[in-house]
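Working notes, beginning with the structure itself.
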Amino acid sequence: MAKAASRRHDPLKRAIALLERVPLVDGHNDLAWVIRLDAEARGDVLRYDLTRVHPESDTDIPRLREGRVGAQVWAAYVPTDLPNPARATLEQINTILRVEDAHPDVFFPARKASDIARAYRAGKIASIIAVEGGVGLENSLSPLRVWHAAGVRLLTLCHNGTLDWVDSATDAPRSNGLAPFGHAVVRELNRLGMMVDCAHVAPKVMHDVLDTSTAPVVFSHSNAFTLCAHPRNVPDDVLDRLKGTEGIVMATFVPDFTSEEVRAWMKPLREAHLRSTGGGWLQAIEAWEKDHGPRPQATLEQVADHVEYLASRIGTRRVGIGSDYFGVPTKPIGLMDVSRFPHLFAELIRRGWSEDHLADLAGGNFIRVMRAVEREGQRLRRATPPSLGTVQQLDARQQGG
C-alpha cells in the first residue's frame, strides 16, 4: 500500500509508470550520423556497439531502455553541401537498416503505424526511418519511391541550406517558398503515404506545404517561435493554421531553439558553421566560449514551457516530442541523453497534465498522424499514378503555362 501511494504522489514514478503503459515516440534522433562520424566505428554499426553506454554521446540501447523509448524516428541526415548526396542518403538509410539487423531483439522495423503497437507488445523499440534533407533527391522525384521501398516513412524537406526547390529557415530564399518541383514532392509524398516534415523550412514553405498537402503535416523537431525567436521554430500564424488540421509539432531539446538567451549567444556561431559537415562543433563552441564567456544553458523546464505553449495554441492532440539527440552534450540541463525522457513527463505531471493528455503527447498523437498519412496514401494510389520529373522539367512546364 505504501509503495503504491508513493508511486501515485512521486511525479517521476508516475511518469515511468505511464511510459510503461504507452509507447513513447521520439520524432528525431541523428544516431546514424554519429556512427558515421565516430573515429573508431567509421560507420560500422557493430564496431560502434550500441549495447554499451557511450558516455561521450547521448544514445545507446541501455539508455534508450532506461528512457522508456517505445519508438524512435531515426534520421538519415545528409548535410546540404556534402558531395554525392544521393549516395550519402542511401548510406545513411543503410546504417539505420543495419542497426535494425544487428539488434533484432531490441528494434522492430516499423513501416506502418500499427507496427508501433506490435513492437511495444513484443517489448521492442519500433524503428522508423526518416530522411533529413531533400538534397539527396538531386532534383528528381524518382528517389522518393526508392526510399519508400527501403522503408523510409518521413522526409524533412531540407536542412540548414536552401535547395533549388525549397527555402530553408536558416538560409537565403531562392523560390519564395516551394518551387513547382517542391509542390510535386509534397504531392508524391502524400501519394506514397510518407510524412511531410516541415522542420527546417522557411515560414513561407510551411504555408505552401499546408496549402498543398492533403495529409497531415509534421514538424518533427521544432519549438515555438514566440518563446524563442530562432528561425527554426514555428511562428504563431503557422500554428494557427495547423490548429485546423490533424498535424503535429514535436517539441525539441536543442538549446538555442529552446532558450532565448542561448539563441542570442549562439547566433553568430550558428551562422559561421551553418553548413559545417565535420565533427568540430564542440571545438567551435569551446573556442567561442574563450572569447565570449561561458555558454548559457537551456533547461528541461524551458522545454516544458514550449510543450505547454504549443498545447495552449494548437491543442494537446497536436503536440509530440522530437528530441534531436545528435551525439553532443549541448543539451538542456536535465535532458542530457535518451534516458531522461521520463523526467520531462514528470515535470508536466507537476504542472497538472492529465495522464490522457500525456499519453497523447508521448506517442498517441504521432501514431494518429502516421495512420492518417497512410490512409491518404492508400486513397491517392488508387486514383493517381506516380509523379515523374526533375526540377528543370517541372519548372519548364510551369513557365510554359
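The values are calculated or read from the model by the stated rules, or taken from the named source; none is laboratory data. None of the values given here were measured: they were computed from a predicted structure. Because the Cβ atoms are built from the backbone with ideal geometry, glycine has one as well, and the counts that use them run over all protein chains shown. Ligands, DNA and RNA are stripped out before the accessible areas are found, and what is left, the full protein with its side chains, is counted by its heavy atoms. Shrake-Rupley method; radii C 1.70, N 1.55, O 1.52, S 1.80 Å.
Take region 54-68 and flag every residue that is among the aliphatic types (A, V, I, L, M) and either open to solvent by 10 Å² or more (accessible area, probe 1.4 Å) or at pLDDT below 95 (or both). Across region 54-68, the qualifying residue is only I61. Only residues that are part of a helix (DSSP H, G or I) and either β-branched (V, I, T) or surrounded by fewer than 17 Cβ atoms within 10 Å (Cβ to Cβ) (or both) were counted across region 103-115, and they come to 1. Annotation for region 78-100: no member residue is closer than 18 Å to I321 by Cβ, of a type in the set (A, V, I, L, M) and either touching a helix residue (DSSP H, G or I) at 6+ places or on another chain (Cβ under 8 Å) or part of a loop (DSSP other than H, G, I, E, B) (or both). The residues of region 201-241 that are under 15 Å from H306 (Cβ atoms), aliphatic (A, V, I, L, M) and either in contact with a His (Cβ under 9 Å, 6 or more places away or on another chain) or open to solvent by less than 20 Å² (accessible area, probe 1.4 Å) (or both), listed by number, are A224, L227, V234, V238, L239. Scanning region 191-220 for residues that are small (G, A, S) and under 11 Å from the mean Cα position of the chain (by Cα) yields a count of 2. Could you check, for region 106-119, whether at least one of its residues is within 17 Å of the chain's Cα centre (by Cα) and more than 30 Å from F345 (Cα to Cα)? No, region 106-119 contains no residue that is within 17 Å of the chain's Cα centre (by Cα) and more than 30 Å from F345 (Cα to Cα).
Scanning region 308-327 for residues that are among the β-branched types (V, I, T) and either open to solvent by less than 20 Å² (accessible area, probe 1.4 Å) or out of contact with any helix residue (DSSP H, G or I) (no Cβ under 6 Å at 6 or more places or on another chain) (or both) returns I314, V319, I321. Going by what's in this entry, would R47 be described as open to solvent by 10 Å² or more (accessible area, probe 1.4 Å) and within 20 Å of the chain's Cα centre (by Cα)? So R47 fails the test.
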